[in-house]
Amino acid sequence: MRVAIIGAGVAGLASARRCLENGFEPIVYERSKIVGGTWVYEERTGVDEFGLPVHTSMYKNLMTNLPKELMDFPNFPYKDLDNISFLEPWQVQEYIEQFTEHFGLKKHIQFCSLVTSVERLTNNWQVTVEDLKTKTLKTEYYDAVMVCNGHNASPFTPDIPGKDDFEGVQIHSHDYRIPEHFTNMNVLIIGSGPSGIDICTDVSKVANQVYFSHHKPELIEKEFPKNVVHLPDVELFSKKTVCFKDKTKQTLDAVIYCTGFKITLSFLKPSCGINVLNDKLITPLHKNIINMNNPTMGFIGYLNMTFVFRIFDLQVRYYLEFLRKNCLSRLDSMVTTMTPVTTHFLGENVLNYCKSLVSDKNKVEPIPSIYFEIYFGCHELKQQYFRSYQSSVFKIINNDEYLIEFDAENAKNK
């Protein structure tokens with residue numbers, strides 16, 4: 001079975017590996033020159049050398065908010081990093097490149113290849129690809145398609161009254177790279193997801209004042225740098241100021257929108273049978289994976305609030321087993337037993353979701369329970385030691401035990 005895989009980030013590489021292991025023939029299309037997807041650090045913002053929007057949102061000082069013990073593929077551990085758990089982007093990117101090399105995936109990847117169109121024909125898929133170097137198009141045909149191009153590349157910016165009148169700097173976190181651009185400025189951060197919190201702390205090192213706009217009371221109790229002020233949602237902008245919902249005003253030099261991303265799948269033509277509701281929900285997807293209108297199309301990695309490497313791998317194994325078990329001729333009859341998901345967010349539901357992909361009826365190996373224990377254990381540690389939990393080291397003893405090395409006394413003073 002020929003399988004087109006769109007994207008060579010974590011989801012696409014997991015897909016290629018398991019396709020090869022299961023006798024499928026994968027061809028991976030990657031629009032950039034290298035593997036890694038969102039883990040690639042690119043100083044450039046705006047457009048790339050091909051005139052396309054830069055894909056990655058990675059910033060220089062990011063440190064992972066999950067330990068590397070939750071950021072590895074099965075049977076391929078990190079090397080020479082036994083004494084640290086929370087990594088810098090280049091370390092994760094290096095690991096991804098080592099994974100690609102180890103499993104011989106590169107020869108199955110076509111780089112600088114932009115998928116411009118995917119169409120469902122009577123018995124197969126038609127995939128049109130642009131060679132970005134030669135500006136030529138080619139069309140290939142596949143038995144199945146796995147969409148793995150991610151959902152953190154198209155910024156969402158809220159429409160706030162007066163935004164266009166503001167004369168200062170305005171960027172989305174997608175274009176944030178280094179804090180030095182904001183030296184001695186009064187900076188507004190809008191949004192309190194992981195990137196919002198992280199960039200708020202990063203910018204505070206050089207900014208004069210950081211105003212952190214959000215509606216999460218629990219964050220106010222956390223320890224932030226002294227030049228960070230918590231404020232409610234923004235009501236409106238003027239040329240040099242911002243007014244908040246509590247009617248307070250502040251003078252600003254810059255705004256960073258940490259307000260998330262839109263899902264864009266413009267290359268999927270109507271014959272694919274996929275819709276994106278409100279730029280947030282791909283539908284109809286069974287188990288967040290299977291296109292219910294055309295089951296030989298699967299989506300890998302369209303999940304939020306989870307640990308990605310092993311769960312993306314589980315999604316791939318589930319989907320390939322689904323294809324293998326039901327054969328192409330029986331897939332359409334399976335749709336009657338499927339139900340579409342209503343969210344891509346997992347969070348506390350991550351364990352139940354993963355259990356739903358494993359049953360007595362299929363041969364999919366479950367993720368060992370220790371990884372879920374670490375995931376929730378890390379969350380608890382972060383709640384208690386908000387500023388310093390990333391100095392901890394997680395060590396897996398066996399499939400039932402792990403330990404955390406953490407100097408709590410010193411951590412309180414950091």
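No lab work stands behind these numbers, since they all come straight from the coordinates. The model shown is predicted, which means the values in this text are computed figures rather than measured ones. As a convention, Cβ positions derive from the backbone with ideal geometry for all residues, glycine included, and neighbour counts pool all protein chains shown.
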- Please give the length that would be gained between Lys205 and Arg387 if that part of the chain were fully extended, namely 0.36 nm times their separation in residues minus their C-alpha to C-alpha distance (nm, one decimal). 64.1 nm
- At a Förster radius of 30 Å, what calculated FRET efficiency corresponds to the Cβ-Cβ distance of Lys361 and Glu21, to the nearest 0.05? 0.90
- Query: Given the options Ile34, Ile190, Ile220, which has the most mean-square fluctuation in a GNM of the chain, springs set between C-alpha atoms less than 10 angstrom apart?
  - Reply: Ile220
- Message: Could you give the length gained by full extension between Thr136 and Lys163, i.e. 0.36 nm per residue of separation minus their alpha carbon distance, to one decimal place?
- Response: 5.7 nm
- Query: Under the definition of Cα pairs under 8 Å and six or more residues apart, what whole-number percent is the relative contact order of the chain?
  - Reply: 17
- Query: Does the range 1-124 come out rounded, prolate or oblate by the C-alpha gyration tensor, with a ≥ b ≥ c the root eigenvalues, rounded set by a/c under 1.5 and, if not, prolate when a/b is larger than b/c and oblate if not?
  - Reply: oblate
- Task: Over the range 244-334, calculate the relative contact order: mean separation of alpha carbon pairs under 8 Å at least 6 apart, over the residue count, as a percent.
- Result: 16
- Query: With the contact rule set at Cα under 8 Å and sequence spacing of 6 or more, what percent relative contact order holds for the range 1-136?
  - Reply: 27
- Cα extents of the range 161-302 per principal axis, largest first, Å, are 54, 33, 30
- Pick from Pro155, Pro179, Pro225: which is most flexible by mean-square fluctuation in a GNM of the chain where alpha carbon atoms under 10 Å apart are linked? Pro225
- List the lysines whose Cα lies under 17 Å from the Cα of Lys363, skipping any in the same chain that are fewer than 8 positions away. Lys287, Lys325, Lys355
- Message: From the phi angles alone, apply the Karplus equation (6.51, -1.76, 1.60; θ = phi - 60°) to the range 61-70 and give each ³J(HN,Hα) in whole Hz, x where the residue is Gly or Pro.
- Response: 8, 4, 10, 4, 9, 10, x, 4, 5, 10
- Run through the DSSP bridge list for the range 1-146 and note the antiparallel percent, rounded to the nearest 5. 60
- Note on the structure: Percent antiparallel among DSSP beta bridges confined to the chain, nearest 5, equals 50
- Message: What is the angle, in °, between the Cα long axis of helix 10-21 and the longest principal axis of the Cα atoms in the chain? Nearest 10 is fine, range 0 to 90.
- Response: 20
- Item | Burial order of peptide ranges 180-187, 63-70 (average beta-carbon count within 10 Å, highest first) | 63-70, 180-187
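Considering all alpha-carbon pairs of the range 136-228, what whole percent are spaced by more than 22 angstrom?
Values: 1864 of 4278 pairs.
Tail of P(r) above 22 Å: 44 percent of Cα pairs.
Apply the a/c threshold of 1.5 to the C-alpha gyration tensor of the range 1-70 and tell me whether it is rounded, prolate or oblate.
oblate
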- With Cβ to Cβ distances under 10 Å as the rule, what net charge do the other residues near His215 carry (K, R +1; D, E -1)? +1
- Any idea what angle helix 369-384 forms with the longest principal axis of the chain, computed on alpha-carbon atoms, 0 to 90 degrees, nearest 10? 10
- Query: What angle do you read, to the nearest 10 degrees and between 0 and 90, between the alpha-carbon axis of helix 194-204 and the longest principal axis of the chain?
  - Reply: 40
- Query: Sorted by mean Cβ packing within 10 Å, highest first, what order do the peptides 146-152, 12-18, 165-171, 336-342 take?
  - Reply: 12-18, 146-152, 165-171, 336-342
- Candidates Lys33, Lys205, Lys361; GNM for the chain (alpha-carbon contacts under 10 Å) flags as most fluctuating Lys361
- Task: Would you mind computing the Rg to Rh ratio of the range 54-163 from its alpha-carbon coordinates, Kirkwood style for Rh?
- Result: 1.06
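In square nanometres, what is the average projected area of the Cα convex hull of the range 100-186?
Spelled out: convex hull of the Cα atoms, projected over all directions, averaged, 10.9 nm².
At R0 = 35 Å, how high is the FRET efficiency between Asn398 and Ser117 if r is their beta carbon distance? Nearest 0.05 is fine.
The pair Asn398/Ser117 has a calculated efficiency of 0.10.
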- For the range 250-408, just the Cα atoms, rotate onto the principal axes and tell me the three extents in Å, largest first. 58, 53, 20
- Message: Rounded to the nearest 20 debye, what is the charge dipole size of the range 66-223 about its Cα centre when +1 sits on each Lys and Arg Cβ and -1 on each Asp and Glu Cβ?
- Response: 440
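Within a Cβ distance under 12 Å of Ala144, other residues only, what is the Lys/Arg minus Asp/Glu net charge?
+1
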- Residue-averaged 222 nm ellipticity for the chain, from DSSP H runs of 4+ at -39500 (n - 2.57), nearest 500: -7000 deg cm²/dmol
